[in-house]
């Protein structure tokens, strides 16, 4: 297999190694999702007291998750704007921009005054910064996934595309580790000051990812003059293949719903059951560590047997396990809770690993960034943005019965399975065929 790719102007471009690709795609995404996801940890653990203190604890958590969801409102807009320029002027500059915006906004959250200091202005400032984070994240995922996907050797697009999925797991692991260490150092007292530390660290470590992206080569697809004069990429995508956009949205909805139930809601649920915050964070460490391994493993499997079988199996197994998870953590045994989180990470990786390749391969390169980002981010906004809020609300109206949450998650998995079956199988198609 040649290690030279050819851009649209026939200039040879050396394909970066897998390690280099992971540094740009995976590590950059890890640092960015560290920033985006530590808010989910703070929302589940402390923001109900810091920004919404005049409420019953469970209601305060509901408000915190509502603010968390505002970040998802801006993600489709970020996907549209950043995806457009990624298709028109290239991927590299957009990936650098998203990392800088995320780092600055995350650091700023750590500087915010509390409700006790400025009243209602505190949650207002929080929501504004969440919107900025969401805008950046809306363009980050698609661009990072495409960097791996578009440089992958034939037959390995699933694996190379999953570098982004590995990055999400790694970013989660780093975020949970930082929160766990901070919780330990401050003896579990995150509310007074310690919650700020992970946000400051997140703002600073983005610099590491920035160095990697500044050194990245031009990506395999650069727009030609003819493409630059054609329809707006997203408009062309909607005209040519609205079905794939809609089905990809459904896949994203299902995956993001279950992922954010697993990441944010489960954390607050354990805390409300009576587990210590340190116990809950340990469970999340197990979740993240397993996810880092399971995502590329099942992405590689999708290269071998196809995307659809892996996605369908992941959806069915995850739905079934939801009805096991709650009895396990309901024992109030830390060991069983850690097992429950580890299995959740394994099952999440089954669908998370193939998603970048599966959704990106539905579209040709000339409008792939726009179509993939918009499809995925609208699904993420509908699913992930509301998942923890809806799950918490279901607990409230069902008198704390977790079966209501299991049914909700199962519905999301049904949507993922049905939409996965509706998309074309792309694992065995050549890159030239996909781009035609």
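The values are calculated or read from the model by the stated rules, or taken from the named source; none is laboratory data. Keep in mind it's a predicted model, so treat the numbers as computed, not measured. Every residue, glycine as well, gets a Cβ built from its backbone with ideal geometry; the counts of neighbours run over all protein chains shown.
Could you identify the single residue in 45, 37 that is under 15 Å from the mean Cα position of the chain (by Cα) and either modelled with pLDDT of 75 or more or within 30 Å of residue 265 (Cβ to Cβ) (or both)?
One residue alone meets the criteria, 37.
With a cut-off of at least 3 residues that are in contact with a helix residue (DSSP H, G or I) (Cβ under 9 Å, 6 or more places away or on another chain) and modelled with pLDDT of 85 or more, name the helices (runs of 4 or more DSSP H) lying wholly within the stretch 57-139.
Filter on the stretch 57-139 gives 75-89, 91-109.
Which condition number does residue 211 fail, the rest of (1) modelled with pLDDT under 80; (2) within 29 Å of residue 102 (Cβ to Cβ); (3) in contact with a helix residue (DSSP H, G or I) (Cβ under 7 Å, 6 or more places away or on another chain) being met?
(3)
In the stretch 358-367, what count of residues is obtained for those that are part of a helix (DSSP H, G or I) and surrounded by fewer than 24 Cβ atoms within 10 Å (Cβ to Cβ)?
Adding up the residues that qualify gives 2.
Given the residues 195, 200, which is the only one that is crowded, with 24+ Cβ neighbours inside 10 Å and over 30 Å from residue 306 (Cβ atoms)?
Just one listed residue meets the conditions, 195.
Can you find, within the stretch 315-357, the residue that is nearest to residue 260 (Cα to Cα) among those that are outside any helix (DSSP H, G or I) and in contact with a helix residue (DSSP H, G or I) (Cβ under 6 Å, 6 or more places away or on another chain)?
Result: 353.
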